[in-house]
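Peer 1: For reference, the structure I am asking about is given below.
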Amino acid sequence: MKKIVIYQKATCGTCRKEKDYLSKVKISFDEINIVKNPPTREFLERNIDEGNLKAYVNKHSKPYRELNLAKKKLTKSELIDLMLQDPNLIKRHILVDGGRVFFGYTEL
């Protein structure tokens with residue numbers, strides 16, 4: 001059985017919900033702390049859809065509010081720069097299932 005990888009943060013309720021669901025359906029997974037070990041620029045470039053950038057942003061995060069991102073129109077590259085500077089901007093969690101990548105809660 002292939003192993004799923006979850007980029008998560010321990011204090012994130014959605015991350016806990018996903019881990020509880022995967023455990024309930026007996027799917028094993030590896031956890032990566034998204035703040036200490038964020039995804040690479042290449043990963044984000046490959047998996048963020050330029051046509052829907054806001055779907056990949058944690059709109060509840062402090063940096064999102066402080067940077068007033070709701071009112072800014074960023075390019076994909078600018079958004080990824082900000083995400084790499086502060087991984088709390090990345091919508092959590094990221095679930096990697098082989099070649100499939102999901103941002104936010106997903107029941108497989």
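Peer 1: When you check Pro39 against the structure, is it of a type outside the set (A, V, I, L, M) and in contact with a Phe, Trp or Tyr (Cβ under 7 Å, 6 or more places away or on another chain), yes or no? Can you show your working first?
Peer 2: Values: of a type outside the set (A, V, I, L, M): yes; in contact with a Phe, Trp or Tyr (Cβ under 7 Å, 6 or more places away or on another chain): yes.
Judged against the criteria, Pro39 is a match.
Peer 1: Shifting gears a bit: Identify the residue in region 47-75 that is surrounded by fewer than 16 Cβ atoms within 10 Å (Cβ to Cβ) and in contact with a strand residue (DSSP E or B) (Cβ under 8 Å, 6 or more places away or on another chain) and, among all such residues, is nearest to Ile4 (Cα to Cα).
Peer 2: Asn47
Peer 1: Follow-up question, since we're still on this one. Within region 1-24, which residues are surrounded by fewer than 14 Cβ atoms within 10 Å (Cβ to Cβ) and in contact (Cβ under 8 Å) with a residue 40 or more places away in the chain? Reasoning before the result, please.
Peer 2: Looking only at region 1-24, we keep the residues that are surrounded by fewer than 14 Cβ atoms within 10 Å (Cβ to Cβ), and these are 1-3, 10-11, 13, 17, 20, 23-24.
Within region 1-24, Lys2, Lys17 meet the criteria.
Residue-wise test of (1) part of a helix (DSSP H, G or I); (2) farther than 17 Å from Gly98 by Cα.
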residue	(1), (2)
Ala10	no, yes
Asp30	no, no
Val35	no, yes
Leu53	yes, yes
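Where a number appears in this text, it was derived from the coordinates with a stated rule and is not lab data. Note that the coordinates shown come from a computational prediction; the quantities given were computed from them, not determined experimentally. Reconstructed Cβ throughout: ideal geometry from the backbone, glycine too, with neighbour counts over all protein chains shown.
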